[in-house]
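Structure record follows, encoded as structure tokens.
The values are calculated or read from the model by the stated rules, or taken from the named source; none is laboratory data. The shown structure was predicted, so the numbers you read here are calculated from the model rather than taken from an experiment. Using ideal geometry, Cβ is built from the backbone for each residue, glycine included, and neighbour counts are taken over all protein chains shown. These area figures cover heavy atoms from the full protein model, side chains too; ligands, DNA and RNA do not enter into them. Shrake-Rupley method; radii C 1.70, N 1.55, O 1.52, S 1.80 Å.
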Amino acid sequence: MNFLCGRTILLGVTGGIAACKVPFLVREIVERNGRVIPVLTENAKKFVTPEVLEVFSGERIRELFERPSSPVHISLAGECDLVLVAPATFNFIGKIHAGIADDLLSCLIAATRSPVLFAPAMNKNMWRNPVLQRNIKELESLGYKFIPPGEGPLACGEEGEGRMREVPELLLFVERELCPEKRLSGKKVLITGGGTEEEVDPVRVITNRSSGRMALSLVKAFFFAGAEVKLIMGRHEVDIPSIFPVKNVRTVEEMKEAVLSEFEWCDILVMAAAVSDFIPERKKEKIKKGKEITLKLKPAPDILSLLQKKKKFIVGFSLESRNILKEGKRKLEEKKLDLVFSNPVKVLGGEETEGYIITGKKERKVSGTKEDVAWEIVLEIVSMTT
Ligand SMILES: Cc1cc2nc3c(=O)[nH]c(=O)nc-3n(C[C@H](O)[C@H](O)[C@H](O)COP(=O)(O)O)c2cc1C
């Protein structure tokens, strides 16, 4: 799953402080085998030098009027798969809204037929300014796309909304735009991930080695295919990009409550979390060391059995020591699921996975990175739901 590979991104840079993040954005796209053509406004050159972007992109920085003279803006407009303006200043957004084309970047945006994505970055009052908000709304109605800025400390010393998204998050929006599969647009997907933990006493827990990597890969894959996603995460080792809403839970009981309260919202539920099958009898005080002890475990609630599955598409995960295919098929039937991904215990916590995508009609063996397998699962769901 790499929608940057072999694609050409025209990266417009305008005059805001966040331009200092742009070299890292360029490097990341190039490392993932994408081509980046940077185009700077005159004011952008005060925040990041053309030389740095030339080195990182391997492309010559172009100007509107070059010698020998040629319509550079028309050739660049036709060459790119996507235009990303990052950072996009208050001024530049206003300029495009007004239909002004007085430099290379604004000229090629006027000329391109490729999608144009803006990543605004500015002070919180500039961001809330009604003129800017009107401009964005009207540009959106014309088909231009905007990456909503995040909240946090701003370069001006204030705190609030207006920060340009970090590089990994910008890339998620870029990949979503470049993804050829968009048939999950408008679908709401709830994904559980990570591992639950159950207390044995006030300091000790029983948990499992789930990393949350599969859930993160799934959330990205659904996002690329156009879906709206929400996550419910147990203990996990991965960083979840802040653009995805996450509810963090610890225990099976908390996981159950979270799934039950969000279930109504979703069209598709993917239960990728490694939820404990047992709950230990919790001791009120710390168990003293030295003596051999016996832990009493009772079965944990089966969350899937508590859901009214009608009109929802439900995906279960099955983690098995042996008979992976047979056990996966049994789970599909017993729990009345639409799809099961059945995988061996050895994949827990790792970067790669393998297993069977099982539906009522067929099963398919898949292997690769968790991102690749997540994409295969999403494609299977697309074919079954659209
Ligand atoms: C130090 C400094 C930082 C600035 N940061 C921003 C910013 O983050 N966002 C913004 O919209 N404008 C910012 N501006 C204002 C723009 O640079 C100004 O509007 C300029 O005309 C933008 O030109 P351009 O849109 O053609 O690149 C900043 C100005 C200065 C002096």
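Of 382, 360, 191, which is farthest along the charge dipole of the range 188-385 in the positive direction, counting Lys and Arg as +1 and Asp and Glu as -1 at C-beta?
Most positive-ward Cα: 360.
Pairs of Cα atoms under 8 Å, at least six residues apart: use those to get the relative contact order of the chain, whole percent.
In percent, rounded to a whole number, it is 11.
DSSP loop chymotrypsin sites (Phe, Trp or Tyr not before Pro) in the range 280-386 with at most 14 other Cβ atoms within 10 Å of their Cβ, which ones? Don't jump to the answer; show the numbers that get you there.
Details: sites: 313, 317, 341, 356, 375; in loops: none.
Here no loop site has a sparse enough neighbourhood.
List residues of the range 159-175, by number, whose backbone nitrogen lies under 16 Å from a label position 7 Å along Cα→C-beta of residue 2.
Residues 171-172, 175 fall inside that zone.
Note down the magnitude of the dipole of the range 259-378 about its Cα centre, charges +1 on Lys and Arg C-beta and -1 on Asp and Glu C-beta and zero elsewhere, to the nearest 20 debye. Could the numbers behind the result be given before it?
Numbers: 26 positive and 20 negative charges, 149 e Å.
Dipole magnitude for the range 259-378 comes out near 720 debye.
So which of 95/145; 145/182; 46/145; 336/362; 188/230 end up more than 18 Å apart by C-alpha? Please list the in-between numbers first.
Numbers: 95/145 16 Å; 145/182 15 Å; 46/145 26 Å; 336/362 15 Å; 188/230 8 Å.
As for pairs spanning more than 18 Å Cα to Cα, those are 46/145.
Using only Cα atoms, find the angle between the long axis of helix 167-178 and the longest principal axis of the chain, and express it within 0 to 90 degrees, rounded to the nearest 10.
Taking the Cα atoms of the chain, the angle to 167-178 is about 80 degrees.
Under 14 Å from the Cβ of residue 249, count the other residues' Cβ atoms, weight Lys and Arg +1, Asp and Glu -1, and hand me the total.
Details: positive: 230, 235, 247, 250, 256; negative: 197, 198, 199, 253, 254, 257, 262.
Around residue 249, the charge tally is -2.
Test of the criteria: in the range 74-161, which trypsin sites (Lys or Arg not before Pro) are in a DSSP loop and have at most 10 other Cβ atoms within 10 angstrom of their Cβ? Each step should come with its number before you reach the end.
Working: sites: 95, 113, 124, 128, 134, 137, 145; in loops: 113.
Those that pass, being in a loop and sparsely packed, are 113.
Gain in length, residue 64 to residue 305, computed as 0.36 nm per residue apart minus the alpha-carbon separation, to one decimal in nm? Can you show the working numbers first?
Working: separation 241, 0.36 × 241 = 86.76 nm, distance 6.34 nm.
Taking residue 64 through residue 305 to full extension adds about 80.4 nm, to one decimal.
Separation of the range 148-167 and the range 24-98 by C-alpha centroid, Å?
Here the answer is 23 Å between Cα centres.
Dipole size in debye (nearest 20) for the chain around its Cα centre, Lys and Arg Cβ +1, Asp and Glu Cβ -1?
Working: 59 positive and 54 negative charges, 252 e Å.
Dipole about the Cα centre, nearest 20: 1200 debye.
With labels modelled as points extended 7 Å from the Cα through the Cβ direction, what inter-label distance (nm, one decimal) is found for residue 20 paired with residue 156?
About 1.7 nm, to one decimal.
Taking the Cβ-Cβ separation of residue 242 and residue 264 as r and a Förster radius of 30 Å, what is the calculated FRET efficiency to the nearest 0.05? Mind showing how you got there, number by number?
Values: r = 25 Å, r/R0 = 0.83.
My answer for the efficiency is 0.75.
With charges only on Cβ, +1 for K and R and -1 for D and E, what is the dipole size of the range 325-386 about its Cα centre, in debye, rounded to 20?
Values: 12 positive and 12 negative charges, 83 e Å.
Here the range 325-386 has a charge dipole of around 400 debye.
Could you calculate the contour length gain from residue 27 to residue 133, that is, 0.36 nm times the residue separation minus the distance between their Cα atoms, to one decimal place in nm? Show your work: numbers first, answer last.
Working: separation 106, 0.36 × 106 = 38.16 nm, distance 3.13 nm.
Length difference between fully extended and current span is 35.0 nm.
Checking the cross-link filter: which lysines have an alpha carbon closer than 26 Å to that of residue 284, excluding same-chain neighbours under 8 positions apart?
256, 296, 298
Between residue 386 and residue 361, 0.36 nm times their residue separation minus their Cα-Cα distance comes to what?
Gain on stretching residue 386 to residue 361: 7.4 nm.
Would you check the accessible area of residue 55, probe 1.4 Å, heavy atoms only, in square angstrom rounded to 10?
Approximately 120 Å² for this residue.
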